[in-house]
Amino acid sequence: NDSIARILAGVVGKSRPLFLKVAYHGPAAMEALCSYDSRLVVGILGGASGTTFDAFHQLWEAKRHGARVALYGRMINHSEHQPTFIQHLRWLADGDIDDPAEAVRAYHDALDAIAIRPRRPLEHDLLQTRDLGVRER
């Protein structure tokens, strides 16, 4: 954040960016960056794919702390059914689903409804990848 703020301090007028795409480093860093300039749209990168909870929780938490955009590549690409995954991300972003765990359960129900078997059992998909004790792709 310090490096970003220093760079932005030297950019004025029409050269100033309207949007930042940054790695998500947690609530405090996101709040600090978002409060630096309220005109700036801060977006998060998805990072490595992991459990469905990883993606949904990151989006939910980043939004709570000021992020206004999420740019997911691998997380979407590695999901079992991309349109369904994106729909659940959208519902979470729009507040139609209030909780990441609720979104994971709804996603699993939607996969079941279209006869797609999830990669992980629900009880594993409700955990963060780091809590599974294995490294996932």
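The values are calculated or read from the model by the stated rules, or taken from the named source; none is laboratory data. Worth saying up front: this structure is predicted, and the values here are computed from it rather than measured. So basically every Cβ, Gly included, is an ideal-geometry build from the backbone, and we count neighbours across all protein chains shown. Remember, those area values only see protein heavy atoms, side chains included, never the ligands or the DNA or RNA. Shrake-Rupley method; radii C 1.70, N 1.55, O 1.52, S 1.80 Å.
What's log10 of I(q)/I(0) for the range 5-65 at q = 0.15, 0.22, 0.24 Å⁻¹, Debye sum over Cα points only, no solvent? One equal scatterer on each Cα of the range 5-65 leads to -0.50, -0.90, -1.01. Of the residues T52, A9, L20, the one whose Cα sits farthest toward the positive end of the charge dipole of the range 1-56, with +1 on the Cβ of Lys and Arg and -1 on the Cβ of Asp and Glu, is A9. For the range 66-109, the solvent-accessible area with a 1.4 angstrom probe is 52 square angstrom per residue. Of the peptides 21-29, 37-45, the ranking by mean beta-carbon count within 10 Å, highest at the top, reads 37-45, 21-29. Relative contact order for the range 1-116: what is it in percent, counting Cα pairs under 8 Å that are at least 6 residues apart? So the answer I get is 22 percent. Dipole size of the range 1-116 about its Cα centre, with +1 on Lys/Arg Cβ and -1 on Asp/Glu Cβ: approximately 780 debye, rounded to the nearest 20.
Largest mean-square fluctuation among A55, A32, A67, in a Gaussian network model of the chain whose springs join Cα atoms under 10 Å apart, belongs to A32. Rounded to 0.05, the FRET efficiency of the D98 and R16 pair, given R0 = 35 Å and the Cβ-Cβ distance, is 0.50. Provide the FRET efficiency to the nearest 0.05 for the R105-H81 pair, computing r from the beta carbons and using R0 = 22 Å. Calculated transfer efficiency: 0.90.
Surface composition of the chain: carbon and sulfur make up 52 percent of the accessible area, probe 1.4 Å. The P(r) of the range 58-114 has a tail past 16 Å containing 40 percent of all C-alpha pairs. For the pair A28 and R90, label points projected 7 Å from Cα toward Cβ lie 3.7 nm apart. Tell me the relative contact order for the range 5-50 as a rounded percent, counting alpha carbon contacts under 8 Å between residues six or more apart. That works out to 43 percent. Given a cut-off of under 8 Å on Cα pairs at least six residues apart, what relative contact order in percent is computed for the range 69-137? Normalised by residue count, the contact order of the range 69-137 is 25 percent.
Peptides 116-123, 72-79 ordered by packing proxy, namely the average of other Cβ atoms within 10 Å per residue, highest first: 72-79, 116-123. About the centre of its Cα atoms, the range 57-137 shows a dipole size close to 460 debye [charges on the beta carbon of Lys, Arg (+1) and Asp, Glu (-1) only; nearest 20 debye]. Orientation-averaged projection of the chain equals 8.9 nm² [convex hull of Cα atoms, one quarter of hull surface area]. Here's the picture: a label point sits 7 Å out from the Cα of I114 along the beta-carbon direction, and within the range 40-80 the residues with their amide nitrogen under 11 Å of it are 80.
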